[in-house]
1. Please list, ordered by first then second residue, the pairs with beta carbon atoms under 8 Å, 6 or more apart or interchain, first in segment 394-405 and under 14 Å from H495 (Cα atoms), second among the charged types (D, E, K, R) and in a loop (DSSP other than H, G, I, E, B).
2. If I filter segment 138-170 down to residues being in contact (Cβ under 8 Å) with a residue 12 or more places away in the chain and of a type in the set (D, E, K, R), which single residue comes out as surrounded by the most Cβ atoms within 10 Å (Cβ to Cβ)?
3. So, restricting to helices (runs of 4 or more DSSP H) that lie completely within segment 71-172, which ones have at least 2 residues that are over 30 Å from R238 (Cα atoms) and in contact with a helix residue (DSSP H, G or I) (Cβ under 8 Å, 6 or more places away or on another chain)?
4. Quick one: which residue in R770, R817, R803 is surrounded by fewer than 18 Cβ atoms within 10 Å (Cβ to Cβ), over 38 Å from the mean Cα position of the chain (by Cα) and among the basic types (K, R)?
5. So which residues in segment 262-280 are in a loop (DSSP other than H, G, I, E, B), in contact with a helix residue (DSSP H, G or I) (Cβ under 9 Å, 6 or more places away or on another chain) and surrounded by 13 or more Cβ atoms within 10 Å (Cβ to Cβ), if there are any at all?
6. Can you tell me which of (1) over 24 Å from H214 (Cβ atoms); (2) open to solvent by less than 40 Å² (accessible area, probe 1.4 Å); (3) in contact with a Lys or Arg (Cβ under 8 Å, 6 or more places away or on another chain) is the one R50 doesn't meet?
7. Could you list, in sequence order, the residues of segment 47-60 that are touching a Pro at 6+ places or on another chain (Cβ under 7 Å) and not in a helix (DSSP H, G or I)?
8. Under 8 Å by Cβ, and 6 or more places apart or on different chains, what pairs join a residue from segment 734-755 that is farther than 20 Å from F799 by Cβ and in contact (Cβ under 8 Å) with a residue 40 or more places away in the chain with one that is in a helix (DSSP H, G or I) and open to solvent by 30 Å² or more (accessible area, probe 1.4 Å)?
Amino acid sequence: MDNFCHLDVHSAYSFLWGTFTPKALVDAVKARGQKAVALTDIWGLYGAIRFYQAAKDAGIQPVIGSRVCLWDGSWITLIAKTFRGYGNLCKIITAGMGNTKTGKPVVLHNHIRKWSADLICLAGGYGSRPRVLAKNGNEEGAGISLLPFKRIFAGDLFVVLQHHGLPGDMETNQILVQVARRLKVPVIATNQVAFLNPDDYILHKTLIGVQRQHHHREINPLPNNSFWLTPGQDMVSRIPWPEALENTNRVTELCRRFSFPVGKLHPPKFRLKKEEADSTLARAALQELARSRSPVRAEYIRQLDRELGVIKGKGLSDFFLLVREVVEFAKSRSIRHSIRGSAAGSLVAHLLYKCPDPIEHGLLFERFINQGRRDMPDIDIDFDSERRDEVIGRLMDHFPMQTAMVATIQTFRVRSAVRLAARALGYPLYEIDRLTKCLPWSLRGIGLEKAMTRLPELKDSPLRHEQMLLSLAAHIEGLPFQSSVHLGGVILAPHDITDWTPVSTSSKGFSVGQLNKDDVDCLGLLKLDILGLRMHTALRKAEEILRQEGINVDLTKLPLDDYSTYALFQSTESLGIFQLESPGQRHLLGRLQPGKFSDIVAEISLFRPGPVKGDMVQTYLDRRNGRQPIEFLHPDLRPILEETHGVIVFQEQVLRVVHVFAGFSYASADAFRRAMTKDRSSEEMARLKTQFMDRAIRQGHSTELAKEVFRQVATFAAFGFCKAHAVAFAHITYQSAWLKAHHPRAFYLGLLNAGHVGSYPPWVILNEARRQGIPVHPPHVNSSHLEYRAEGNGICVPFWVIRGIGPSLAQRIVSERKENGAFLSWEDFFIRVSLPANARSRLILSGALKGLPDTLRPAQYVAIC
């Protein structure tokens, strides 16, 4: 057993510095027999949650901290003794990240003083002011520099002794020991760890090379290969002060009470007390139910009462009221939106947010929330992409202390690993292009070195001859590269967000945390997905065009039985239609021939990799079209599977089969479904089968019948699609199809002006419009604008489709025309609009001046072009 504990450890989450993951660190510590280890990444806690989980799973005590830079350029390491200390560390990092007047984050003295509770401070390591002064022989100065920390941290201050084989290390340590004894501060031995083994030093230097070459940072690597996860016996020889080694265990004892509050939910609390939130939610739902239905059927009352009971029991009323505020804000600003995912299976969500009626569509609330789930529920909301930031801004303005965007961690993928490692090693760009020409973007987990021998397209790759580059790229593949911002995930904490994560500011001005979506789930925090959907943008723009033409349409209130819409589906002319425009979907449309809304739901659910590979599609079509008899293994299964002709298509059906046939509660049935849909070992599969069989037999079913039902459930459970999600998307699919069937020009204009909506570029959409008899007019200086516009009965193409005519030049042309009228001739245009020569020639060649009198003399042509 190695009793030494490393307390100054920088993993790959000290981006482009450390060379290992938290899991690799834990594995190495366990292999060496050490009982505890710290993770103290530079300016961050990005890896803290996954490190904590890995350490706990391995029986290693995790110690959480971070290395930060002070106002005087000195570095210290702060370690959290408790979860309260972790929150204070988050606040210190947040304050430091927000203080960048010098171009780099720094922590001020008042930050340390304000948030020092339950923190341990390690001062005196490399890069610290006390060590620099001690190295210069200034014992008195080193002592003075430690006094502010002693006043703040008292018995939680330790003076660091390090020995990395650099000149003067031993003499410096001797002075620091004398200073510590004079100040009555304990000393502690640490080894600054950036790699797990000495041989990994080259990986560290490669990552530093990436910083220098890719990010153009002025930074140097560590001076030698001694900055590794050294065994305790090596530390004994480096630091000949026993108390310094023993104090590493003293620190771990001080941190023994630390734990993250995992395993339970931490829903947000907003203004209302719990009882008030419960009654407010119930009152709002009941009022909407009474307003929208008369008379109210008993099944709606029963369903609402059941849902409200579960929501109240899990303390989620505040959450539902918060989402209502977000939705009401969007409505007040006329921002198109829709609920997606399993939340659409909730009657409360239907009443408050106007998502599909779960009873009408046969959806299941327990797929969304049930008593057995320990994670926070997701309510994913799609908004008009161009206006999503308004919603995020409103949420953060309304709850400024409780919200932050979810972080995402970008990792080295195979191509980026090779390219960036090659740049760090000094390869010229043309050589890098040659070496990476045949590399795939992803290797699906087999690793770069194995891929070089297994993949036929890499058999003759020149990269095979670059062994050093290949080895380095293989080692950094999968390591964190940099942090980024989640597309729309917003964390909502129960109180101050900086109790849970450090926060910085994004380029858009939004607060961004250091937790990714898995970290948020682990901590039981709420993540609200404010997503952007370009189809919403396209539909909104199409509605605006129709209003300009005097046609008022509300796409959210369309009847779902329009003949022309289903005729369009059956014709397979679905290019541009949401979810149904790919060649495979169009082929399936032709075979399915949808005639009602449930057919659209089935279409969306069937065309997925799982059902296609599992041959579910053919079975479904054969039964639907009468080519194969529809059979039910037991009468109890008929009501569940009748809508899909005896085939399990939806996840909700799996829950119902397991609940009805085997007697599982819905909570247990959902846990069973999730276990079935994940990667299952043969042992896990056997356990699930035994559990199912035992319960089914206790329900009175025969062993043979139970085996066959389990076989079908096991076959289709991994392929099943969430019906609530399919129903929510099917409404948008229907809206886009109705628009194309009745107002095709407005539909195409909406698509073209919404950016990259689906699978096809603008020229494909324009060709489709031509094929449908809609004229497409090329760019012209007297008719084109900054976006696609209606012209006559056709579509006028904007200026920016001409290469070299960007938005600023297009704006110049449009503004001049708007202010002083149409252009009368070529000469008039070129006199009034100042453009670069290449832009003028491109306008002429594209025909944008066609029809205008050409009054230019030959010499003027030369000057223009």
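1. M401/D496; Q402/D496
2. D156
3. Result: 83-97, 109-114.
4. R770
5. Across segment 262-280, the qualifying residues are V262, H266, P267, P268, K269, F270, L272.
6. (2) is the only condition that R50 fails.
7. G47
8. Q735/T556; W738/S564; A741/S564; A741/A567; H742/S564
The values are calculated or read from the model by the stated rules, or taken from the named source; none is laboratory data. Remember, predicted model here, so these are calculated numbers, not experimental data. Glycine gets a Cβ as well: all are built from the backbone with ideal geometry, and neighbour counts include every protein chain shown. The area values use the complete protein model at the heavy-atom level, side chains included, leaving out ligands, DNA and RNA. Shrake-Rupley method; radii C 1.70, N 1.55, O 1.52, S 1.80 Å.
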